[in-house]
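The values are calculated or read from the model by the stated rules, or taken from the named source; none is laboratory data. All figures in this text were calculated on a predicted structure; none of them were measured in a lab. Glycine gets a Cβ as well: all are built from the backbone with ideal geometry, and neighbour counts include every protein chain shown.
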Amino acid sequence: MPFDALQSIWNPVKVGRMQLSHRLAMAPMTRSRAKADGTPGDLAADYYAQRAGLGLLITEGTQPSADGQGYTTTPGIHTDAHVAGWRKVADAVHAKGGHIFIQLMHAGRIAHPDNTPHHRQPVAPSAISAKQPMFTMAGMQETPEPRALSTEEVRQTVKDFADAARRAIEAGADGVEIHGANGYLIQQFIAPNANTRTDEYGGSIANRARFAIEVAKAVAETIGADRTGIRLSPLGNSGGLDEGPQAPALYRYLVEELNKLKLAYLHILHTGNEDLLKDLRAEWKHPLLVNRPSAVRDDLDRDIRAGIADVVPVGQLALANPDLVVRLQKNAPLNEAKHETFFGGSETGYTDYPALAG
C-alpha cells in the first residue's frame, strides 16, 4: 500500500483551534496505570509523547470527580496533584509537536466501591444496577446498585465537568473530550432502562438529552467551545444499556442541539447504523470524528472519502504502533497489540512497542 493509497488521510484539517497536518487521531483507551490517587503514572508522559505523530491524542477516560471513578487506577483531573501530573504529559506531547485532549469520563453506575479511594456507593440517574462484571483488586465482582443522584446533585455534576475542564486547560491540555458514550453516566441519562427519573432529566427525549447538553454547554462556556469535543455512541448497548425505539430520534435531537454550541468536534463511536450516521453527519456542521472499532489498515479513509468523517481516530493500531503514521506512509509492517497488557502493569505493552529501525 503506497503513500497515496490513503491520500485523503494525509490532507490537513482544522479542528477547533488546532491545525492538524493529517486526519488520523488517537482514540481514547483506558490503560489503568495511574497512581493510587489518580495522578497519571510515571510512564504516561512517555506513552503519549511516543504517539504524538498522530497529531490529536485523546486520552484515556479521566474522572472529573471522585464519584466519577469506576475502574481501578484510572486517572483524575480534579486535584492539584492531577493537574501537575497531566502537565508533564501535555508538555511531553507538545514537545513532540502533538496536541492532546483530556477525555472527561464519569463512569456513573459502571463502578464498584472497591475501586475508588472513598469507597462510596456509585451514583447514577436512577438506582438501577448495570449487573455487569467488573475487575476489582479483590477479583471480579458485579457492579452494585447505584444511588440515584438528586436533581441538585445532577446540577453539581455538570459543574464538576466544567471544573475538570478548567483544570485540564490549567494542566496544558489543548482541550477536553466529554465522554457521552460506552455506557457511562451521560449515556445512562439517555437510556430509559437506566433512567427512570421523573424530574427534568428523565422521561421525554428532551429531558433525557438534557444532561449531555448542559455538560457540553458548561464546559464550552468555561474553556471555549473550540476546545471542547464530545463523544457519543448512538444505539450502543455497553454497560447493559438499552436506548429503546426512540434512540434515533433522540440522537438527531441531541446532535441538533449540540451543533448550536459550535464545539470543536463531535466524535462518534459507530455501532453500525449507517443511515443514522449519515443523518448525524448532515445535522453536524463542524468537524466530525468517526471511530469504527473494526477498521483495518486498508480502509481507514473510507469515511473521509465518503464525506462522512473529517478525522479518523484509531485505537489498537495506535496502541501497538507509536509510529503508526510513518508505518502507514512507508507501507511498513505493523506491530500486533498485546491484549493481555491492555490494563494495568508496567512498561510491557505500554511504552515498549518498537518503532521502525532508523
**Message:** I'd like the full set of residues that are surrounded by 23 or more Cβ atoms within 10 Å (Cβ to Cβ) and either in a helix (DSSP H, G or I) or more than 18 Å from the chain's Cα centre (by Cα) (or both), limited to segment 54-67.
**Reply:** L54, D67
**Message:** Between a residue in segment 334-358 that is outside any loop (DSSP other than H, G, I, E, B) and any residue that is loosely packed, with under 13 Cβ neighbours inside 10 Å, which pairs come within a Cβ distance under 9 Å, given they are 6 or more apart or on different chains?
**Reply:** T341/T348
**Message:** If a residue must be surrounded by 18 or more Cβ atoms within 10 Å (Cβ to Cβ) and either of a type in the set (K, R) or outside any loop (DSSP other than H, G, I, E, B) (or both), how many such residues does segment 14-45 contain?
**Reply:** 11
**Request:** Among the numbered conditions (1) touching a residue at least 24 places away in the same chain (Cβ under 8 Å); (2) of a type outside the set (A, V, I, L, M, F, W, C); (3) crowded, with 22+ Cβ neighbours inside 10 Å, tell me where G240 comes up short.
**Result:** (3)
**Message:** Looking at V290 and the list (1) under 29 Å from Y353 (Cβ atoms); (2) part of a loop (DSSP other than H, G, I, E, B); (3) not charged (D, E, K, R), which single condition is not satisfied?
**Reply:** (2)
**Message:** Given the criterion surrounded by fewer than 23 Cβ atoms within 10 Å (Cβ to Cβ), under 16 Å from the mean Cα position of the chain (by Cα) and at pLDDT 95 or above, identify the matching residue among R227, R197, R210, R252.
**Reply:** R227
**Item:** Residue in segment 293-300 that is at pLDDT below 95, more than 30 Å from T73 (Cα to Cα), crowded, with 19+ Cβ neighbours inside 10 Å and not basic (K, R) present
**Value:** yes
**Asked** Does A306 meet the test of being over 21 Å from I205 (Cβ atoms), without any contact (Cβ under 8 Å) to a residue 24 or more places away in the chain, surrounded by 16 or more Cβ atoms within 10 Å (Cβ to Cβ) and out of contact with any helix residue (DSSP H, G or I) (no Cβ under 7 Å at 6 or more places or on another chain)?
**Response** no
**Asked** If we keep just the residues of segment 125-158 that are among the acidic types (D, E) and under 28 Å from A216 (Cα atoms), which is surrounded by the most Cβ atoms within 10 Å (Cβ to Cβ)?
**Response** E145
